[in-house]
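S.K.: Below are the structure tokens for one structure; questions will follow.
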Amino acid sequence: MATELHETIFMAKQERHKNLFLNYRNLNNFPVELLKDEGLQFLERLYMKRNSLTTLPDNLAQKLPNLIELYLHSNNIVIIPQAIGNLARLQSLDLSNNALQLLCPEIGRLRSLRHLRLSNNHLKCLPPDRLHRCASLQNLTADHNQLSHVPRQICWLHRLNQLSMAANRLTFLPLDLGRSRELQFVFVDNNVDLKGLPSYLYNKVIGCSGCGVSAQVLEGDLGEVLGEALSEALVGLPAEVKVVGSGTDNVVPLEELAMRTLHRMYSNHPTDLNLLPPITLPKSLLDLLQFPLGHCHRCSQAMFTIIYPKLFPLRETALAGVHRRTTVSFVAYCCSSRCLRTFDLQG
């Protein structure tokens, strides 16, 4: 087997192959032959499916600088080195069916990455401060992990077309998910604690069976049940967002007004930080300033510390006939009670 592997790699070097298939080779370590001398400078696609690899070499990008596609499906990879971010041309990365517990933030340096597959790992979170920098990302698949939430920064991936996070532990989705026109497919099946979808998704292709409250509970008044759930943070909002104004309350907290003002200044002049007032904000507020919790469904106003939710049971939407057996409802978010009263999901 070792001789055959050596000959395969030697021939790939000699003939300047662009594709190299090393699937089903019982590899415990990354082949040193791939990393000798100048490596494989012409290699664009490397297939290493169903081996026993546990990690990748730090000099992978140095020896295989022109990799466009890297397939590592079904190995025992526990950690991805930070050097993964040096694969500047990488467009497709498949890490499905491994043992990943953490995804290194350097993944955000892959500006050419279009497809990222992370299904069937042990991930509890995704790197929110870096993943949104994968500006070319079109397809993100992370089914069958242990994710409890989707980073709201994912909403800033303006080229993302498909997001699949079925069979996780999701309790809520980012308020802005689906606001981008590019995002057309969202699959969150089998997240039993997920009781509401952002209404931006109501006219997208969605998969949501196995979500929401149990069928036994639904024998009662659906509106009453979901109304009570909403009062207990239906979509799992952060603590500072749980202050929900009443239908007649037109007063927005001073903190919220200040954040909206700062955000408008920052958005109009993103490169001129000198325009911001000479004050130091806590890191939590600075993070909010860059990535608002959401935008008003009625007027697109950025929202930071307070939202006004409006529930639309699925039976009242155009998708009711498509998802007859699901219990998921759509939740709209508005910046004021005035927008709340005038917003219509069908509008």
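S.K.: Of the accessible area of segment 1-116, with the probe set at 1.4 angstrom, what percent is carbon plus sulfur? Write down the numbers at each step before the final one.
M.R.: Details: 2670 of 5810 Å².
Ligands and nucleic acids excluded, carbon and sulfur reach 46 percent.
S.K.: Oh, and also: Just to confirm the filter: which GluC sites (Glu not before Pro) across segment 26-57 are DSSP coil and have at most 11 other Cβ within 10 angstrom of their Cβ?
M.R.: Answer in residue order: Glu38.
S.K.: Can you compute the FRET efficiency between Leu285 and Thr3 using 1/(1 + (r/R0)^6), with r the Cβ-Cβ distance and R0 = 41 Å? Round to the nearest 0.05.
M.R.: 0.10
S.K.: Sequence neighbours fewer than 8 away in the same chain don't count; with that in mind, list the lysines whose C-alpha is under 19 Å from Lys124.
M.R.: Straight-distance partners of Lys124: none at all.
S.K.: Let me ask something additional. Which whole-number percentage describes the relative contact order of segment 74-222, with Cα contacts under 8 Å and a sequence gap of 6 or more?
M.R.: Once normalised by length, the contact order is 15 percent.
S.K.: Sticking with this structure for a sec: Can you tell me, using C-alpha contacts under 8 Å and at least 6 residues apart, the relative contact order of segment 132-206 as a whole percent? Walk me through the intermediate numbers first.
M.R.: Working: 159 pairs, mean separation 22.3, N = 75.
Relative contact order of segment 132-206: 30 percent.
S.K.: Please give the contour-minus-distance gain from Lys36 to Glu255: 0.36 nm per residue of separation, less the Cα-Cα distance, rounded to one decimal in nm.
M.R.: 73.0 nm
S.K.: Of Phe21, Cys134, Asn120, which is farthest on the positive side of the dipole of segment 1-135, counting Cα position, with +1 on Lys and Arg Cβ, -1 on Asp and Glu Cβ, and the Cα centre as origin?
M.R.: Of Phe21, Cys134, Asn120, it is Cys134.
S.K.: Another question, then. Calculate the translational D of segment 27-90 in whole µm² s⁻¹ from Stokes-Einstein, where the hydrodynamic radius comes from the Kirkwood formula applied to all Cα pairs, the temperature is 37 °C and the viscosity 0.692 mPa s.
M.R.: Working: Rh = 11.9 Å.
Translational D for this selection: 276 µm²/s.
S.K.: Just need the relative contact order of segment 1-145 here, percent rounded to a whole number, with Cα pairs under 8 Å and 6+ apart.
M.R.: Across segment 1-145, relative contact order equals 16 percent.
S.K.: Going Cα to Cα from Lys195, which lysines come in below 19 Å? Please leave out same-chain ones fewer than 8 positions away.
M.R.: Lys204, Lys242, Lys310
S.K.: Please work out the Cα center distance from segment 127-169 to segment 27-51, rounded to the nearest Å.
M.R.: If we compute the Cα centre of each part, the gap is 28 Å.
S.K.: Tell me the net charge near Asn19. Cut-off is 12 Å between Cβ atoms, Asn19 excluded, with +1 for each Lys or Arg and -1 for each Asp or Glu.
M.R.: 0
S.K.: Okay, next question. So, for segment 1-134, what is the accessible surface per residue at a probe of 1.4 Å, expressed in square angstrom?
M.R.: On the way: 6600 Å² over 134 residues.
That works out to 49 Å² for each residue.
S.K.: Now, a different point. Report the label-to-label distance for Asn59 and Ser112 in nanometres (one decimal), using points 7 Å from each Cα along the Cα→Cβ vector.
M.R.: Rounded to a tenth, the inter-label distance reads 2.2 nm.
S.K.: Sticking with this one: For segment 119-221, what is the charge dipole size about the Cα centre, in debye to the nearest 20, if Lys and Arg each add +1 at the Cβ and Asp and Glu each add -1 at the Cβ?
M.R.: On the way: 10 positive and 8 negative charges, 96 e Å.
Around 460 debye, computed over segment 119-221.
S.K.: Name the lysines eligible as straight-distance cross-link partners of Lys63: C-alpha to C-alpha under 25 Å, and not fewer than 8 places from it in the same chain.
M.R.: Within the straight-line limit of under 25 Å, Lys63 reaches these lysines: Lys13, Lys18, Lys36, Lys49.
The values are calculated or read from the model by the stated rules, or taken from the named source; none is laboratory data. Model, not experiment: these values are computed from the prediction. Don't worry about glycine lacking a Cβ; one is built from the backbone with ideal geometry, like all the others, and counts go over all protein chains shown. The protein model used for the area step is the full one, side chains on, heavy atoms only, and it has no ligands, DNA or RNA in it. Shrake-Rupley method; radii C 1.70, N 1.55, O 1.52, S 1.80 Å.
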